[in-house]
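Bear in mind that the values in this text are calculations on the coordinates, not laboratory data. Note that this is a predicted model, so its numbers are computed, not measured. Positions of Cβ are generated from backbone atoms using ideal geometry, with glycine treated the same way; all protein chains shown enter the neighbour counts.
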Amino acid sequence: MNLDFTILLPYTNMFLKGLLMTIFLSLASVLIGIIIGFLITLGRMSKNKILSISAKFYTDFIRGTPILVQVFLFYFGLPQIGIPIPEIPGLPGSREVITGIVAISLNSSAYISEIYRSGLQSIDKGQIEAARSLGLSSSQTMRFVTVPQAVRRILPALFNEFIVVTKESSIVSIVGLRDLMYVSSLVKAATYSAFESLIVIAVIYFALTSVLTKILSVMERKLSVHD
Amino acid sequence: MIKVENLHKKFKKLEVLKGISTVIDKQEIVVVIGPSGSGKSTFLRCLNLLEDYQEGTILYNDTDIKKIEINKLRADIGMVFQNFNLFDHLKVIDNLILAPMQVRGLNKETAIANAKVLLEKVGLSDKIDVYPHQLSGGQKQRVAIARALAMEPKLLLFDEPTSALDPEMVKEVLEVMKNLANDGMTMVVVTHEMKFAKDVADKVIFMADGYIVEEDTPENLFDAPKHERTKAFLNMVMD
Ligand SMILES: Nc1ncnc2c1ncn2[C@@H]1O[C@H](COP(=O)(O)OP(=O)(O)OP(=O)(O)O)[C@@H](O)[C@H]1O
Ligand SMILES: [Mg+2]
């Protein structure tokens with residue numbers, strides 16, 4: 001088989017744009033997921049049974065269904081039940097981007113909520129008892145003992161979730177969001193060479209996650225100083 | 001100072017305390033001994049309401065402790081745990097000033113000044129700025145004692161404070177506890193250190209199966225136990 005990467009050179013800019021879109025999509029989704037995940041965790045820890053059961057169902061449902069199904073549900077389902085996803089005037093493709101961010105961030109929020117929960121649960125019960133035995137209230141104990149220690153475990157896990165999302169977000173190319181994955185199919189169609197463009201995006205994805213993984217390990221080292 | 005009357009405690013169906021009654025006077029050192037699972041820890045933890053109980057009353061200065069605001073009660077009754085339970089993310093000094101500032105409302109300067117005096121007392125002035133993971137077990141426990149003292153408690157509860165320590169570190173912790181006793185602190189100590197009980201206790205309580213089998217001065221209880229159960233236990237632990 002003959003591989004000729006030079007035919008891709010005219011498309012360098014498109015690949016770069018696709019990469020930027022992938023990074024933007026992942027970053028936006030994880031940031032929104034961090035907020036939604038927080039609300040879900042509050043719901044799960046709430047004494048209100050209805051809240052905690054719905055929050056648990058939400059995370060179970062998201063984690064128990066394929067992300068592709070979720071993307072289609074949003075892309076085709078929402079307009080059908082009367083919630084059209086708007087196209088921002090002057091920004092072609094923004095409808096797809098919004099769908100992508102909504103789908104990925106909701107998906108990610110379920111996983112992020114689990115990250116928060118296990119982070120909080122990982123704190124040694126003895127320290128919580130010690131705090132309570134000193135007369136600290138449960139909210140003071142949360143604020144001064146549990147959360148500061150949980151954050152050290154949660155931050156690396158959140159960053160890892162970002163790495164996962166940079167890869168998994170490629171799924172939204174299916175609805176026409178112009179991320180790295182989508183660019184490769186455009187280029188494939190234009191050049192009639194499927195293999196080269198796939199190799200290029202594989203290398204780009206791998207380079208991206210390698211850099212991020214490196215950052216993660218530095219972060220883990222910095223945060224574990226006091227363990 | 002503390003009066004316990006007919007205390008019953010169940011975990012679900014399992015009855016762990018089956019009617020405990022005793023009195024702890026001001027400045028008294030009470031040592032609690034007994035076999036594993038007899039309810040010693042549970043009894044101790046009822047005194048500061050880390051455990052709830054179903055029946056009976058505990059009076060603190062003649063007031064039912066369930067009628068006292070729980071965090072006020074706990075501010076008055078300190079506790080030292082077998083596993084130290086220091087706050088891992090905080091330096092020694094910050095372990096000591098957290099509760100005084102948040103619960104008693106001390107300002108930082110006062111809290112730090114008090115904490116320094118206490119660290120001096122437990123012999124750890126040079127460890128003020130280190131994190132718990134940089135300390136030995138004995139040092140951790142001394143910090144935990146200082147942390148409890150920083151709240152200026154009226155009563156200190158110790159649950160097997162030396163059981164998690166290597167033998168060579170037991171002494172330094174017992175030394176600190178002896179000094180506290182000499183300073184007039186009121187203490188309830190669950191321990192297997194019989195020598196400490198003999199030397200320091202005003203009263204020894206022997207518990208088995210959720211009952212107080214016998215309580216007496218250390219002289220009487222160790223040298224002339226009245227109950228077979230006590231004799232058997234002492235024979236076992238004293239070899
Ligand atoms: N949180 C709990 N839930 C259920 N059962 C418990 C709990 N804590 C203690 N128990 C049970 O209560 C009984 C008394 O336990 P406790 O810890 O008070 O004994 P102990 O005298 O302190 O024993 P040890 O010397 O081993 O520390 C044991 O049978 C124990 O299994
Ligand atoms: Mg115990």
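Bridgeable lysines around B:Lys195 (alpha carbons under 19 Å apart, same-chain partners fewer than 8 residues away excluded): B:Lys40, B:Lys171, B:Lys178, B:Lys203, B:Lys231.
With an a/c value of 1.5 or above and a/b not larger than b/c for the gyration tensor axes a ≥ b ≥ c computed over the alpha-carbon atoms, segment B:102-158 is described as oblate. Between A:Gly43, A:Val97, A:Ile112, the Cα set farthest toward the positive side of the dipole of segment A:5-226 (charges on each charged residue's Cβ, about the Cα centre) is that of A:Gly43.
Calculated from the alpha-carbon coordinates, segment A:1-61 shows an Rg and a Dmax of 21.2, 64 Å respectively.
Cross-link reach is defined here as a Cα-Cα straight distance under 25 Å, omitting same-chain residues fewer than 8 places apart; for A:Lys56 the lysines meeting it are A:Lys47, A:Lys125. Where the alpha-carbon atoms of segment A:67-117 are placed on the principal axes, they occupy 40, 23, 17 Å, in descending order. Across segment B:219-235, coupling constants 3J(HN,Hα) worked out from phi with the 6.51/-1.76/1.60 Karplus curve, θ = phi - 60°, read 4, 5, 5, 7, 8, 9, x, 8, 9, 4, 4, 5, 4, 4, 5, 5, 4 Hz, and Gly and Pro carry x.
One quarter of the convex hull surface built on the alpha carbon atoms of segment B:56-121 amounts to 6.2 nm², the projected area averaged over directions. Projecting the Cα positions of B:Leu106, B:Val117, B:Ile65 onto the charge dipole of segment B:37-193 (unit charges on Cβ atoms of Lys, Arg, Asp and Glu, taken about the Cα centre) puts B:Leu106 furthest along the positive direction.
Maximal additional length on extending the A:Lys214-A:Ala202 stretch stands at 2.5 nm, based on 0.36 nm per residue less the C-alpha distance.
Sites listed here are chymotrypsin sites (Phe, Trp or Tyr not before Pro) in segment A:139-227 whose DSSP assignment is loop and whose Cβ has at most 16 other Cβ atoms within 10 Å: A:Tyr192. Each of A:Val151, A:Gln70, A:Pro84 was placed along the dipole of segment A:26-178 (beta-carbon charges, centred on the mean Cα), and the one lying farthest toward the positive end is A:Val151.
Averaged over the residues of A:124-132, the number of partner chain Cβ atoms lying within 10 Å of the residue Cβ comes to 6. Principal-axis analysis of the Cα atoms of chain B puts helix B:167-182 at an angle of about 90° to the longest axis.
From the C-alpha coordinates alone, can you work out the Kirkwood hydrodynamic radius of chain B, in Å? Result for chain B stands at 18.4 Å. In the elastic network of chain A, a GNM with C-alpha springs shorter than 10 Å, the most mobile of A:Met45, A:Met21, A:Met181 is A:Met45. Note on A:Lys214: lysines with a C-alpha under 25 Å away, same-chain residues under 8 apart excluded, are A:Lys17, A:Lys167, A:Lys222.
For segment A:80-181, the alpha carbon convex hull comes to 145 Å³ per residue, rounded to a whole number.
The separation of segment B:91-149 from segment A:7-75, counted between C-alpha centres, amounts to 44 Å. For segment A:5-226, a Kirkwood radius taken over Cα pairs fed into Stokes-Einstein (20 °C, viscosity 1.002 mPa s) yields D = 109 µm²/s. Summing Cβ point charges (Lys, Arg +1; Asp, Glu -1) relative to the Cα centre of segment A:5-226 gives a dipole of roughly 660 debye. Normalised size of segment B:1-83, defined as Cα radius of gyration per 2.2 N^0.38 Å with N residues, equals 1.06.
Thinking of segment B:172-239 as a set of Cα atoms, what percent of all their pairs are more than 19 Å apart? In whole percent, the long-distance tail amounts to 32.
Dipole check for the protein assembly as shown: with +1 at the C-beta of Lys and Arg, -1 at the C-beta of Asp and Glu, and the Cα centre as origin, the magnitude is about 1240 Debye. Taking every full run of DSSP H in chain A, the ones that stretch at least 20 Å from end to end by Cα along their long axis and average 1.6 or higher on the Kyte-Doolittle scale are A:12-45. Taking amide H atoms as placed 1.01 Å from N in the peptide plane, the amide H of B:Gly34 lies under 5 Å from those of B:Met207, each 5 or more residues away in sequence or on another chain. Against the compact-protein benchmark of 2.2 N^0.38 Å, the Cα-based radius of gyration of the protein assembly as shown scales to 1.36.
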